[in-house]
């Protein structure tokens, strides 16, 4: 925290009006009250964030630094599954290859 007891609001998704982070247990408690989604928790936001960074082609090392992983295997094995968009992107790039030249 800085000297004025405020945190960098850009580092958090859930903050109060005073720029203080809301405890994850509070957010998770509120998310569990949503009946339409089973087992909804803050972890899904982390997972989605990493999947979006992967889709954008952000380098693995940058993603690891952002989410605090020390071992690339953690990020690769848990989060970096290939999304539909990435699969389509691979096919498009392969189709662009001119094999006749």
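A simple spin-label model places pseudo-atoms 7 Å from Cα toward Cβ; at residue 76 and residue 30 they are separated by 3.8 nm.
Helical content alone sets the calculated 222 nm signal of the chain at -14000 deg cm²/dmol, taking -39,500 (n - 2.57) per DSSP H segment of four or more residues and averaging over every residue. Please list, in order, the residues from region 27-56 whose amide nitrogen is less than 15 Å from a point placed 7 Å along the Cα→Cβ vector of residue 91. No residue qualifies, since no backbone N sits under 15 Å from the label point.
Read-outs: derived from the displayed coordinates by stated rules, not from any lab. Here the structure is a predicted model, which means the values were calculated and not measured. Cβ coordinates were reconstructed from backbone atoms using ideal geometry, including for glycine residues, and neighbour counts include every protein chain displayed.
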